[in-house]
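Q: The structure that follows is given in the form of structure tokens.
The values are calculated or read from the model by the stated rules, or taken from the named source; none is laboratory data. Keep in mind that what you see is a predicted model, and the values were worked out from it rather than measured. Because the Cβ atoms are built from the backbone with ideal geometry, glycine has one as well, and the counts that use them run over all protein chains shown. The protein model used for the area step is the full one, side chains on, heavy atoms only, and it has no ligands, DNA or RNA in it. Shrake-Rupley method; radii C 1.70, N 1.55, O 1.52, S 1.80 Å.
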Amino acid sequence: MAGACCKCPVSLFVFKRSLSVAPRSGGSAPRSPFLQGWRLGERGLQEAARPCSALRPAGFYRQTAFLCLSCQGSMSESLRTCYLYLNQTSRSFAAVIQALDGELRHAVCIFYLVLRALDTVEDDMTISLEKKVPMLNNFYTYLYQEEWCFTESQEKDRRVLEDFPTISLEFRNLAQEYRDVISDICHQMGVGMAEFLEKNVGSMKEWDQYCHYVAGLVGIGLSRLFSASQLEDPEVGRDIKLANSMGLFLQKTNIIRDYLEDTREGRAFWPKEAWSQFASELEDLAQPEKLESALSCLNLLVTDALHHVPDVIAYLSRLRNQSVFNFCAIPQVMAIATLSTCYNNPMVFQGVVKIRKGQAVTLMMEATNMRAVQTIITQYSQEILQKVSLTDPLRDKTLHILAVIQETSALPQSSFSSRTHHLSPMYLSAAMLLAAFSWQYLSTTAAQAQGTGDMQ
């Protein structure tokens, strides 16, 4: 990301130029059941980066990358290609990855691409189960097979499978401590994906298990990478419970918010143990006459998700590196803002629920230190508190977890002042926001060019 890798004035100028020419988005990426922890922050970035007009022709910045020229020049051709794939597959959130410090940036880039390739296999409904299940279970072994690739996918992100040798090469170029983490998480996630291919989410325990496989493991893997880089203390990588909660909170928020989209497309991620208390079929909750029951079910799931917030606060309070803190904090504050919007909101069953553009911008600019994050969490937990109905069957449980959150978010974090960073938190947030604008332009022009057959 320009400005994040070397903080040079020229890079910041490129950001400002990109900010001034970015067009309106042509649409959002299709939802995948995986990597939602990454995607929630990405949605916020995309929403915040949706400006009003275009001043450049399609393709003007087609080959632009966020890493500045001096950093690109020191990279191998294969690593530059990996960053190109990162920008193509993760859209706006690629800016946040590329804002990480030092060699951690490369490790997280490769981690993302490996899991994106794994997810592309899982998502592709044209691959038979007989072929897909062994691929998912054995995918981690392909990291050490120099020539392995898969050319039969029909998915949008199939390029990461077709050119997997480039990704696996850069994986093998990483330090051993990074390779061990990525390979282990890829193994566990592949096994979990295979398990849930023909298994619906039934009990609340299974909901936690599913969210662990597709998001909690991402949080655990990232935490281990943070510690391996020595930018964070070893305890950050060792505390699996807190890292898992970081992923589960994001994943559950996405599942709750996307009820209508998922049910219309035949996907069911709300746990049956929850919705069966209020309806015969999950789709029935969208019926107008079922609104009261639907809201009770919705509030039950929001309450369940809120139980992860104390862990989120504890996790963030341990972080010392500014780039890592921003990387982790922004999606989490987006999530609690989204849950506040969803709570007791009939629109979850009738249309699209999202936080406002200005709200997203404010959250990104403010979530740069622990005190600010605690203030944001307190604010949105109070908003939820004001919406709790006297007749809600989960009222007591909701009030209890909100009280715990209020108490936890009010705790002083005196040790947090030791966090290290090279630039001010406001600069880093501004850099992320500017990068979001830049990539919004890139993704839009790429879509336009694909539509005309001009894009390679």
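Q: Going by the structure shown, is A99 touching a residue at least 40 places away in the same chain (Cβ under 8 Å), assigned to a loop (DSSP other than H, G, I, E, B) and not assigned by the TED database to the domain that holds T368?
A: On the way: touching a residue at least 40 places away in the same chain (Cβ under 8 Å): yes; assigned to a loop (DSSP other than H, G, I, E, B): yes; not assigned by the TED database to the domain that holds T368: yes.
Spelling it out, A99 is indeed touching a residue at least 40 places away in the same chain (Cβ under 8 Å), assigned to a loop (DSSP other than H, G, I, E, B) and not assigned by the TED database to the domain that holds T368.
Q: Of all the residues that make up segment 218-277, how many are over 26 Å from Y140 (Cα atoms) and of a type in the set (S, T, Y)?
A: Going through segment 218-277 one residue at a time, the tally reaches 4.
Q: Among the residues of segment 112-134, count how many are in contact (Cβ under 8 Å) with a residue 40 or more places away in the chain and within 17 Å of G192 (Cα to Cα).
A: Within segment 112-134, the first condition is being in contact (Cβ under 8 Å) with a residue 40 or more places away in the chain, and the residues that meet it are 112-123, 129, 132-133.
Now restrict to residues that are within 17 Å of G192 (Cα to Cα): 114-123, 129, 132-133.
Adding up the residues that qualify gives 13.
Q: Any chance you could count how many residues in segment 151-175 are surrounded by 14 or more Cβ atoms within 10 Å (Cβ to Cβ) and either assigned to a helix (DSSP H, G or I) or at pLDDT 95 or above (or both)?
A: Result for segment 151-175: 15.
Q: Mind listing whichever residues of segment 187-222 are touching a residue at least 24 places away in the same chain (Cβ under 8 Å), among the polar types (S, T, N, Q) and either open to solvent by less than 10 Å² (accessible area, probe 1.4 Å) or closer than 19 Å to I240 by Cβ (or both)? Reasoning before the result, please.
A: Here is the first cut: in segment 187-222, the residues touching a residue at least 24 places away in the same chain (Cβ under 8 Å) are 187-194, 197-198, 200-204, 206-208, 210-222.
From what is left, the residues that are among the polar types (S, T, N, Q) are 188, 200, 203.
Within segment 187-222, Q188 is the sole residue that qualifies.
Q: Being touching a residue at least 24 places away in the same chain (Cβ under 8 Å), farther than 22 Å from Q382 by Cβ and assigned by the TED database to the domain that holds A372 is the requirement here; does A274 meet it? Talk me through it step by step, then tell me what you get.
A: Details: touching a residue at least 24 places away in the same chain (Cβ under 8 Å): yes; farther than 22 Å from Q382 by Cβ: yes; assigned by the TED database to the domain that holds A372: yes.
Yes; evaluated as a whole, the condition is true for this residue.
Q: Kindly list the number of the only condition in (1) over 24 Å from the mean Cα position of the chain (by Cα); (2) assigned to a helix (DSSP H, G or I); (3) surrounded by fewer than 21 Cβ atoms within 10 Å (Cβ to Cβ) that fails for E147.
A: The failed condition is (2).
Q: Which pairs turn up if I take residues in segment 298-324 that are hydroxyl-bearing (S, T, Y) and look for partners that are open to solvent by 10 Å² or more (accessible area, probe 1.4 Å) and not in a helix (DSSP H, G or I) with beta carbon separation below 6 Å, at least 6 apart in sequence or on another chain?
A: Partner pairs satisfying both residue conditions: T303/L394; S317/Q413; S323/D101.
Q: Pairs needed: first member in segment 383-405, in the same structural domain as L301 (by the TED database) and farther than 19 Å from Q277 by Cα; second member anywhere, open to solvent by less than 40 Å² (accessible area, probe 1.4 Å) and of a type in the set (A, V, I, L, M, F, W, C); C-beta distance under 6 Å; at least 6 residues apart or different chains.
A: Between residues of segment 383-405 that are in the same structural domain as L301 (by the TED database) and farther than 19 Å from Q277 by Cα and residues that are open to solvent by less than 40 Å² (accessible area, probe 1.4 Å) and of a type in the set (A, V, I, L, M, F, W, C), the close pairs are L385/L402; I401/L306; I405/V309.
Q: Assuming E265 fulfils every condition listed in (1) free of Cβ contacts under 8 Å to residues at least 12 places away in the same chain; (2) farther than 24 Å from V353 by Cα; (3) of a type in the set (D, E) apart from one, which condition is it?
A: E265 satisfies all of (1) free of Cβ contacts under 8 Å to residues at least 12 places away in the same chain; (2) farther than 24 Å from V353 by Cα; (3) of a type in the set (D, E) except (2).
Q: While we're looking at this one, here's another question. When you scan segment 231-241, do you find a residue that is under 18 Å from the mean Cα position of the chain (by Cα) and either outside the structural domain of L100 (by the TED database) or touching a residue at least 24 places away in the same chain (Cβ under 8 Å) (or both), even just one?
A: No.
Q: Here's another thing I want to ask about it. Need a quick list: helices (runs of 4 or more DSSP H) entirely within segment 176-261 having at least 3 residues that are in contact with a strand residue (DSSP E or B) (Cβ under 7 Å, 6 or more places away or on another chain).
A: none
Q: If you take the residues in segment 262-311 that are assigned to a loop (DSSP other than H, G, I, E, B) and touching a Cys at 6+ places or on another chain (Cβ under 8 Å), which one is most open to solvent (accessible area, probe 1.4 Å)?
A: The qualifying residue most open to solvent (accessible area, probe 1.4 Å) is Q277.
Q: Is it the case that I255 is surrounded by fewer than 19 Cβ atoms within 10 Å (Cβ to Cβ) and either within 30 Å of I313 (Cα to Cα) or in contact with a His (Cβ under 9 Å, 6 or more places away or on another chain) (or both)? Talk me through it step by step, then tell me what you get.
A: On the way: surrounded by fewer than 19 Cβ atoms within 10 Å (Cβ to Cβ): no; either within 30 Å of I313 (Cα to Cα) or in contact with a His (Cβ under 9 Å, 6 or more places away or on another chain) (or both): yes.
For I255, the condition - surrounded by fewer than 19 Cβ atoms within 10 Å (Cβ to Cβ) and either within 30 Å of I313 (Cα to Cα) or in contact with a His (Cβ under 9 Å, 6 or more places away or on another chain) (or both) - is not met.
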